[in-house]
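Novice: Attaching a single structure in structure tokens format; questions to follow.
The values are calculated or read from the model by the stated rules, or taken from the named source; none is laboratory data. From a predicted model like this one, the values you see are computed outputs, not experimental measurements. Cβ coordinates were reconstructed from backbone atoms using ideal geometry, including for glycine residues, and neighbour counts include every protein chain displayed. Each accessible area value is taken on the protein alone, full model and side chains, heavy atoms only, with ligands, DNA and RNA left out. Shrake-Rupley method; radii C 1.70, N 1.55, O 1.52, S 1.80 Å.
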Amino acid sequence: MMAYTTPNYDFTDWLYNRYVEARRKNDFLKAFVFLDVLNQFVIWTDQPKYRQQKRYAKELIKAIGKAVKNSTAHRLLLRGEEGQREFEQKMAAYEKELNEIGYDQETIRELVIDKRWNYGND
């Protein structure tokens, strides 16, 4: 009997994040290469143990396709640990900026909460 293990999405997140970084830099050739590798992963991964990773990769590809169609691919957010680090860095920089402007602590707290809540939609 096999024990259930949580799927590891590190590889698919890494490919997706390299795509996002390339698009942010308008390096379309590099972005295409990472998207192609992500597509190849979906095509060639047929083993049952990769079923969830394959589904996750398909979701990422779908998100990329939608963003490209809407001309917002340059605004895609990083995923996984890299995405969490980027999020925390941006929130810390935003809070620092508000402090430098001179907002009071209550206003800063409210603005940071709002920014966290709407992250990626602004």
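Novice: Do the conditions hold for R79, that is, is it among the charged types (D, E, K, R) and surrounded by 14 or more Cβ atoms within 10 Å (Cβ to Cβ)?
Specialist: Considered against the rule, which asks whether it is among the charged types (D, E, K, R) and surrounded by 14 or more Cβ atoms within 10 Å (Cβ to Cβ), R79 comes out as yes.
Novice: Separate question: Which pairs have Cβ atoms under 8 Å, sit 6 or more apart or on different chains, and link a residue in region 50-70 that is more than 16 Å from Q40 (Cβ to Cβ) to one that is surrounded by 16 or more Cβ atoms within 10 Å (Cβ to Cβ) and of a type in the set (A, V, I, L, M)?
Specialist: Once the first residue is more than 16 Å from Q40 (Cβ to Cβ) and sits in region 50-70, its partners that are surrounded by 16 or more Cβ atoms within 10 Å (Cβ to Cβ) and of a type in the set (A, V, I, L, M) give A63/L76; A67/A73; A67/L76.
Novice: In the set L38, L60, L29, L77, which member is of a type in the set (A, V, I, L, M, F, W, C), at pLDDT 95 or above, out of contact with any strand residue (DSSP E or B) (no Cβ under 9 Å at 6 or more places or on another chain) and not in a helix (DSSP H, G or I)?
Specialist: After applying the criteria, what remains is L77.
Novice: On to the next question. Any idea which residue in region 44-53 is nearest to the chain's Cα centre (by Cα), counting only those that are surrounded by 10 or more Cβ atoms within 10 Å (Cβ to Cβ) and farther than 12 Å from T12 by Cβ?
Specialist: Looking at the filtered set, the residue picked out is R51.
Novice: Right, another one. The conditions are (1) out of contact with any Phe, Trp or Tyr (no Cβ under 6 Å at 6 or more places or on another chain); (2) surrounded by 11 or more Cβ atoms within 10 Å (Cβ to Cβ); (3) among the aromatic types (F, W, Y), and Y19 fails exactly one of them. Which is it?
Specialist: (1)
Novice: Here's a follow-up. Pull up region 95-122, narrow it to residues that are free of Cβ contacts under 8 Å to residues at least 24 places away in the same chain and under 24 Å from Y16 (Cβ atoms), then point me to the one that is most open to solvent (accessible area, probe 1.4 Å).
Specialist: Restricting to residues being free of Cβ contacts under 8 Å to residues at least 24 places away in the same chain and under 24 Å from Y16 (Cβ atoms), the top hit is W117.
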